[in-house]
Amino acid sequence: MCGIVGAVAERNVTPILLEGLRRLEYRGYDSAGIAVINEATCIDRLRRVGKVKALSDALDASPLKGFYGVAHTRWATHGSPSESNAHPHICNGKVAIVHNGIIENHGSLRQSQKTVGFKFTSETDTEVAAHQIEHYLNQHGDLLQAVKLAVTDFDGAYALGVVSVADAGRLVATRRGSPLVIGIGFGEHFIASDASALLPVTRRFIYLEEGDIADIRCNSLVIYAANGDLVEREIRESELSADATARGEYRHYMLKEIHEQPTCLIDVLEGRVHDGRLLASVFGPDAEAILDSTRHVQIIACGTSYHAGLVAKYWLEALAGVPCHVEVASEYRYRKTVLLDNTLVVTISQSGETADTLAALRGIKSKTSATLSICNVPESSLVRESALRLMTRAGPEIGVASTKAFTSQLLSLLLLVVALGRRNGMAEAEAHTLLQQALMLPTLIDSVLQNAAVIERWAEDFTDLKNAIFIGRGLLYPIALEGALKLKEISYIHADAYPAGELKHGPIALIDQDMPTIAIACMDGHEGKIKSNIQEILARNGKVYLFADECIQLDDLDTACSVIRLPAIAAELAPVLYAVPLQLLSYFVAVGKGTDVDQPRNLAKSVTVE
């Protein structure tokens, strides 16, 4: 959730650290700070509440210069957003530290540190880590040894970047439960919580494994595994360019990413579908045996990825004949579960670092090795720790509200449905038709994007509202959930979603002139049912905004509701198409309300803490 940047070089690293923070703004944060070791071997630090620009302005007024240092964007967990709680934290002018994650035993550590005389200047769990490292540094005089000893005292998750005036020219980094990457330069090295932060200075990266500790200097890099052994980690060349995260001509990243969806969906299918057939190598070289033996599917995910999993459940059971359970990762990981024999466990995450999803995967690996990750980041922990993986190929997604990652997840899951369906009685002709229809999606979505102006006009009706209801049936119910989530996330309008048939079981009590309903309806053979549900809303003076397949006969609903017709599409593929106009609606409402579309309040892009 927070962002870490660190550097050790033979040049002033302050501009590098600041640009890294700018590139991590999408992750969500409420304060930012930077600390460098200056030429007098003292720690210089600046911290500001709010955007990185506030920190940048402060640096313009009071420049910092140093050859090694660390920087951070903080999303508040322990302690409110404030300058004193912002990172980096410093202990006794000797150690500067940045931290992602949560030190769960910070309370007991704090008490013991107070007993021996440590003074606290913040409410954060991170400050105890700074004190603990300084404590061991005083004993041993070696920063690497101090970090190695300190982390054995920590319960919880962390990614740490540490510098000290007592060990000049050295940066020590370690991770457990939170991601951390090392950037390899020429006579310089960097760390970051996300490789995108370092693209202006390098495209060569090492992704630290769980428990790794790295001893980093300008001209040397030594990595120790969790057991203390020296290890070599693979250096990977990133395919991303420095401008891969640029906003281009678009007003917001979210709008850019909505418009990138046709291209993203082409990328999902490219090289995986040929002549209407799914290629066998899609899920990796070891996939055949696992998929052949799969009789059940357990999907684990959070947020938007959970909604993608709900769509996949419909697909798996209706098209592939495979029983499927879907569960929120934060619930699954903390309860006793029963895993049926021959179950494929599918984890879904845009970042591959979602804390609860990753923990659920790690907990389940003692029961089965049949694991598959659907993910957008090839080097992520989730991908590395899964037996099988399918990359969604959506490219960097900067907007906090997921758009292109969601539709890419859906189409990736459809490939899994076809792979399992062909093993469970799905006819070759049916699989061929499904994949051919999927190939039409980019064109259909592009036609929706070309007619966004009507949705923008609808959005004007929502800017002064505080509540909304979304309804859908069958495969479109999860899309209603996703539409409600998007509206909540970026416009701060309270929105709930229901299966349309559930309205009369309680939610219809909310219907009045001030409670609009957004309905979605495709040609699934049950469209008459949702038309009846809409009539029930209209009979109670409710206002309905309806996205409907152009082939549905709406009768008098054409005049009683606000209606936007969507291109005709097979019901099985409707979830992918219908997600797009709901994204546009939430976007235009947020713009009309003047909210921070790309960085909505209280949210982070990657939820790497519990």
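The values are calculated or read from the model by the stated rules, or taken from the named source; none is laboratory data. Note that the structure is predicted; figures quoted are calculated from it, not measured. Here the Cβ is made from the backbone with ideal geometry for all residues, glycine too, and neighbour counts use every protein chain on show. To get the accessible areas, we keep the full protein, side chains included, count just its heavy atoms, and leave off ligands, DNA and RNA. Shrake-Rupley method; radii C 1.70, N 1.55, O 1.52, S 1.80 Å.
Kirkwood hydrodynamic radius, region 21-80, all distinct C-alpha pairs: what's the number in Å?
12.0 Å
Want the number for N602 to S108: 0.36 nm per residue separation, take away the alpha-carbon distance, what's left?
Fully extending the segment from N602 to S108 adds 175.1 nm.
How much of the accessible area of region 434-559, probe 1.4 Å, is carbon plus sulfur, in whole percent?
C and S fraction of accessible area: 47 percent.
Give me the compactness ratio for region 538-591, meaning the Cα radius of gyration over 2.2 N^0.38 Å.
Scaled against compact globular proteins, the figure is 1.26.
Say the dipole of region 100-204 comes from +1 at the beta carbon of Lys and Arg and -1 at that of Asp and Glu; which of I191, I102, T124 then lies farthest toward its positive end?
After comparing all options, I get I191.
Rounded to the nearest 20 Debye, what is the dipole magnitude of region 188-339 about its Cα centre when Lys and Arg each give +1 and Asp and Glu each give -1 at the C-beta?
520 debye
Which semi-axis lengths, in whole Å and largest first, follow from the square roots of five times the eigenvalues of the Cα gyration tensor of region 72-112?
Gyration-tensor ellipsoid for region 72-112: 16, 15, 10 Å.
What would the Debye equation give as log₁₀ I(q)/I(0) for region 492-610 at q = 0.13, 0.19, 0.22 Å⁻¹, counting only Cα atoms as equal point scatterers?
So the normalised log intensities work out to -0.61, -1.12, -1.31.
Taking the Cα centre of the chain as the origin, how large is its charge dipole in debye, to the nearest 20, when only Lys and Arg (+1) and Asp and Glu (-1) carry charge on their Cβ atoms? Intermediate results must be reported in sequence, preceding the final value.
Working: 57 positive and 73 negative charges, 189 e Å.
Around 900 debye, computed over the chain.
If we restrict to alpha carbons, what Rg and Dmax does region 168-301 come to, in Å?
Computed over the Cα atoms of region 168-301, radius of gyration and Dmax are 19.8, 60 Å.
Using a probe radius of 1.4 Å on heavy atoms only, what accessible surface per residue do you get for the chain? Whole Å² is fine.
Details: 22950 Å² over 610 residues.
Value returned for the chain: 38 Å² of accessible area per residue.
Answer with one residue from T294, P567, S56: the one whose Cα lies farthest towards the positive end of the charge dipole of the chain, charges on Cβ with Lys, Arg +1 and Asp, Glu -1.
Farthest towards the positive end: S56.
Among the lysines, which fall within straight-line cross-link reach of K404, defined as a Cα-Cα distance under 29 Å, with same-chain neighbours fewer than 8 residues apart omitted?
Cross-link targets: K51, K53, K256, K313, K466, K486, K488, K593, K605.
Can you give the convex hull volume per residue for the Cα atoms of region 282-341, as a whole number of Å³?
Hull volume normalised by residue count: 104 Å³.
Evaluate Rg over Rh across region 362-506, taking Cα atoms for both radii and Kirkwood's formula for Rh.
Here the Rg-to-Rh quotient is 1.02.
Taking R0 as 51 Å, what's the FRET efficiency between T115 and A168 from their Cβ-Cβ distance, rounded to 0.05?
It comes to 0.95.
For the chain, give the share of DSSP beta bridges that are antiparallel, in percent and rounded to the nearest 5; count only bridges with both residues there.
Around 60 percent of the beta bridges assigned by DSSP in the chain are antiparallel ones.
For helix 404-422, what angle does its Cα long axis make with the longest principal axis of the chain, in degrees from 0 to 90 and rounded to 10?
In the chain, helix 404-422 runs at an angle near 70 degrees to the longest axis.
For region 444-492, what is the charge dipole size about the Cα centre, in debye to the nearest 20, if Lys and Arg each add +1 at the Cβ and Asp and Glu each add -1 at the Cβ?
In debye, rounded to 20, region 444-492 gives about 220.
Mind giving me the FRET efficiency for E288 and S532? R0 is 45 Å, r the Cβ-Cβ distance, nearest 0.05 is fine.
0.45
On a full-extension model of 0.36 nm per residue, what is the gain between N138 and S369, subtracting their alpha-carbon distance, rounded to one decimal in nm?
Full extension from N138 to S369 adds 78.7 nm.
Could you give the Stokes-Einstein D for the chain in µm² per second, using the C-alpha Kirkwood radius, 20 °C, 1.002 mPa s?
In µm²/s, the coefficient is 84.
Using a Förster distance of 30 Å, how high is the FRET efficiency between Y334 and A225, based on the Cβ-Cβ distance and rounded to 0.05?
That gives a FRET efficiency of 0.55.
Considering the options Y224, F406, Y587, tell which one lies farthest towards the positive end of the dipole of the chain, charges being +1 on Lys and Arg and -1 on Asp and Glu at the Cβ, about the Cα centre.
After comparing all options, I get Y224.
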